[in-house]
Amino acid sequence: MSSLSAFTWALLASFCWGFAPLLEKAGLRGNTDPVVGVFVRSIGVMAGALVFLPLLLRGSSRFSDVTTRSWVLLCLGGFMASIIGQLCFYRALKVGDVSRVVPVGASYPVTACLLGILLLHEPVTLTKSVGILLVVFGTFLLR
């Protein structure tokens, strides 16, 4: 499976990320509080992480290769995306239409691209600029 291209992996991720909100919207129906929803989702994430544990333990040096700085940054990114971002997303899903909430929530590449340019000094290209403008325009149409 590792012979798949980056594009194929990205399409598979897109499918998962596109399908999951339908399950989550259904799970938030009724009296389910979004905060409780994020907690329950996190249990699913932990169960998924436990599935990977045997694979990680095979290469014992894998954890020791991760620097303290990387641990902190990865944990902060996980907290920001999986807890804070997910809570905002669930609050939006609770009151909004999946067909509007998901595309707006999925406009995060604009933020990532702009921060990559500003903080990581990644190059500004015509392709990136047009892509950002198209996502911003599409998001504006859905508001």
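The values are calculated or read from the model by the stated rules, or taken from the named source; none is laboratory data. Note that the structure is predicted; figures quoted are calculated from it, not measured. Here Cβ is always computed from backbone atoms with ideal geometry, including for glycine, and neighbour counts include all displayed protein chains.
A few notes on this one:
- The C-beta contact set for the stretch 39-59 (first residue polar (S, T, N, Q), second residue surrounded by 10 or more Cβ atoms within 10 Å (Cβ to Cβ), distance under 7 angstrom, 6+ apart or interchain) comprises Ser42/Ser82.
Yes/no per residue for (1) acidic (Asp, Glu); (2) outside the structural domain of Thr127 (by TED's automatic domain parsing); (3) over 13 Å from the mean Cα position of the chain (by Cα); (4) surrounded by 11 or more Cβ atoms within 10 Å (Cβ to Cβ):
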position	(1), (2), (3), (4)
Arg29	no, yes, yes, no
Thr32	no, yes, yes, yes
Gly37	no, yes, yes, yes
Val45	no, yes, no, yes
Leu50	no, yes, yes, no
Leu55	no, yes, yes, no
Ser70	no, yes, yes, no
Cys88	no, yes, no, yes
Ala92	no, yes, yes, yes
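- Top-ranked residue in the stretch 87-130 [being touching a residue at least 12 places away in the same chain (Cβ under 8 Å) and not in a helix (DSSP H, G or I); ranked as farthest from Val38 (Cα to Cα)]: Ser107
- Helices (runs of 4 or more DSSP H) completely within the stretch 12-86 that count 2 or more residues being at positive phi: none
- Flag: Gly116 does not match the condition of being surrounded by 10 or more Cβ atoms within 10 Å (Cβ to Cβ) and within 13 Å of the chain's Cα centre (by Cα).
- So Ser3, is it in a helix (DSSP H, G or I), out of contact with any strand residue (DSSP E or B) (no Cβ under 7 Å at 6 or more places or on another chain) and of a type in the set (Gly, Ala, Ser): no
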